[in-house]
Amino acid sequence: MKHDLNLLRVLVEVADHPKIATAAQILGMTQPGVSNALRRLRASYGDQLFVRTPAGMMPTPHAQVLIETAREILRLHASRMLGQAPFTPETADTEFRFALSDVGEMVFLPKLIERLRHHAPRITIRSLNLAPEDIGPALADGSADLAIGYFPDLSGESFFQQKLFSHGFACLVRLGHPDIGKRLTHSVFLSLEHAVVRADWRSQEVFEQYLRSQHIERRVVLHVPHYMCIPFIISTSELVVTVPSAVGTAFTAMGRLRALAPPFDVPLYDVKQHWHRRVHSDPRNRWLRAQVESLFGAKVRVVL
C-alpha cells in the first residue's frame, strides 16, 4: 500500500484513543470521516484492524504491528519534513500548565490528574493562580497551556475556545437549619442572613448580576474573598451562601452541609476551555485539549 499519511494518523490516533469521538477531535475530523478512513485502511490491509468493544476500538494483532510502523513513519516525516515531532504521551516529559480558579481546581484537577497521569505517566501538572486579566497574556506567551472555566473576556482573533458544559448555582446551609424545609422558598431566602464570596473569578458575577437585574436585595452580613472558608462558616451558623453548583457538590460531600436549588430562575453560564491561536495546531496542545473535552465535554455526563 502506498502510505497515505492522513490514514496513518487515523490508525495511530484510534489506537491511542479508542473512543472514535476523541480520536476525531484530535485529528480535527468528524466521526464519520474517521470511520470512512478506517474502512479504507481495512480494505487496503485485508484485516479488521480494530474491533468494537465496550471500552472502545481495540486493535487486532495485525494492527498492532502496523501501528508501530505508522508511528515511525509519522515521526520521521514530522522531524525531517516539517520540523515538528508528534506528541507521544507515553514518553512525554513535560509540564502541563492550567489557568484555573479555586472553583476550577475543585472541579477539574482531580479528574485531570487521573487521566493525564494514566496516559502520560512522566508528565507533571501545574495549576496557575492568575488574575483574570493575566490569563490572556499567559496563554499568549506560553506560560499557560489552557484556561478552563468561565472567562468571558478571553475573546478575539488571538484565542480559540470550546464549550464544555453549562453550569448553575446552589445555595448552601447547615444540616438541620431550623428555618428551611424540603426546599428553599423565595420568602425564606430573603429572610435569611447571607454570606457572599467576592472572588476575583467571573462565575460568581453571573449570580450577582442576576439579583441586581431582578432588584433582589439580600441581608448580607459576611463578605469573604475565597471559597475555602465557606464550609466551616456555613456549617456552624444560620447563614446561607450561593455558590457555583460544583462548589456545592464538593462541600456537601464533606458533610454537615445541605445544597438547595435557588428559588429563582438564575441563568446558566458556559464553562469553556481556551487556548491561544499559536498552539492551535501544536500536537501537544491538541492532545491536551482532547483529554479535557473527553472528560468534561457536553457529550459526557459530568458529575458535579
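Key figures
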item: Rounded to the nearest 20 debye, dipole of the range 5-112 from Cβ charges on Lys, Arg, Asp, Glu; result: 520
item: Tensor-based shape of the chain (alpha-carbon gyration tensor, a/c under 1.5 rounded, otherwise prolate or oblate); result: prolate
item: Debye, to nearest 20: dipole size of the chain, +1 on Lys, Arg Cβ, -1 on Asp, Glu Cβ; result: 920
item: Per-selection metrics, the range 5-82 (Cα): Rg and Dmax in Å; result: 12.0, 39
item: Highest-first arrangement of 10-18, 32-40, where packing means the average Cβ count within 10 Å; result: 10-18, 32-40
item: VAL220-ALA298 FRET efficiency (beta carbon distance; Förster radius 35 Å; 0.05 resolution); result: 0.55
item: Positive-end extreme of charge dipole, the chain - chosen from ASN6, PRO59, LEU184 (charges on Cβ); result: PRO59
item: The range 82-136: C-alpha gyration tensor shape, a/c 1.5 cut-off, then a/b vs b/c; result: oblate
item: Dipole of the range 5-82, positive direction: furthest Cα of LEU49, VAL34, ILE73, with charges on the beta-carbon; result: VAL34
item: Sites LYS182 and ARG115, calculated FRET efficiency, Cβ-Cβ separation with R0 41 Å, nearest 0.05; result: 0.65
item: Lys, Arg +1 and Asp, Glu -1 on Cβ, resulting dipole of the range 87-171 about Cα centre, debye, nearest 20; result: 380
item: Euclidean distance between Cα centres, the range 116-179 to the range 207-278, Å; result: 17
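Bear in mind these aren't lab numbers, they're just calculated from the coordinates by the rules spelled out. Keep in mind it's a predicted model, so treat the numbers as computed, not measured. Cβ sites come from the backbone with ideal geometry, for glycine too, and all protein chains shown count toward neighbours.
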